[in-house]
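Peer 1: Have a look at this one before I ask anything.
Every number in this text was worked out from the coordinates using simple rules, so none of it is lab data. Just so you know, these numbers come straight off a predicted model, no measurement behind them. Cβ sites come from the backbone with ideal geometry, for glycine too, and all protein chains shown count toward neighbours.
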Amino acid sequence: MTFKTPHSTTTRRLAMSAGLTVAAVAAALGTGGAAQAAPVTLPVGGEALGSALSGPGSGVADALTNSVQGIAYLKEHQLNPLAKTGTDPLANGVATQIADFKPIGTDLVTGPLANGAGLQDLPVIGGLVKGLPL
């Protein structure tokens, strides 16, 4: 028969907390040495930075050219990330027809977005965006 004394449970708790503390410190020291900072690389190379600073308008011209390329991408980019999926809330439409008039519904607005349209494919804005010289 084994009798438990108050000292045995206290000793076990103390030993367990000491062991956990030692394990946590060892883990922190072990991962701290492995995590080293990577060397910093600048996104703009020395030559590109030098050419931007060399002429009075060359940096502005480069920035304008690169920004136009970004806008051209936005014209064709799919606006709705859920388009062409089963979870797209814009794929649901509501329509109504009164007497002999042409039916009208929300698909006129949400239809292009649900089909993965870009900015140039939208009904009203598309004509304006297509007119941009990009």
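Peer 1: Under 12 Å from the Cβ of Gly111, count the other residues' Cβ atoms, weight Lys and Arg +1, Asp and Glu -1, and hand me the total.
Peer 2: Value of the local net charge: -3.
Peer 1: In addition: From the phi angles alone, apply the Karplus equation (6.51, -1.76, 1.60; θ = phi - 60°) to segment 80-87 and give each ³J(HN,Hα) in whole Hz, x where the residue is Gly or Pro.
Peer 2: 3J(HN,Hα) across segment 80-87, in whole Hz: 9, x, 9, 4, 6, 10, x, 9.
Peer 1: Excluding Lys75 itself, what net charge comes from residues whose Cβ is under 15 Å from its Cβ, given Lys and Arg +1 and Asp and Glu -1?
Peer 2: Summing Lys and Arg as +1 and Asp and Glu as -1 gives -1.
Peer 1: Need the full-extension length gain, Asn115 to Ser8, defined as separation in residues times 0.36 nm minus the C-alpha distance. One decimal, nm.
Peer 2: Extra length available between Asn115 and Ser8 comes to 31.5 nm.
Peer 1: What full-extension length gain, to one decimal in nm, is calculated for Ala26 and Ile125 as 0.36 nm per residue of separation minus the Cα-Cα distance?
Peer 2: Full extension from Ala26 to Ile125 adds 29.6 nm.
Peer 1: Beta carbons within 10 angstrom, averaged per residue: use that to sort the peptides 15-26, 103-114, highest first.
Peer 2: Per-residue Cβ counts within 10 Å, averaged per peptide and sorted highest first, yield 103-114, 15-26.
Peer 1: What per residue convex hull volume, in Å³, comes out for segment 78-134 when only alpha-carbon positions are used?
Peer 2: About 75 Å³ per residue, rounded to a whole number.
Peer 1: Taking 0.36 nm per intervening residue step and subtracting the Cα-Cα distance, what contour gain separates Ala72 from Ala99 on full extension?
Peer 2: 5.3 nm
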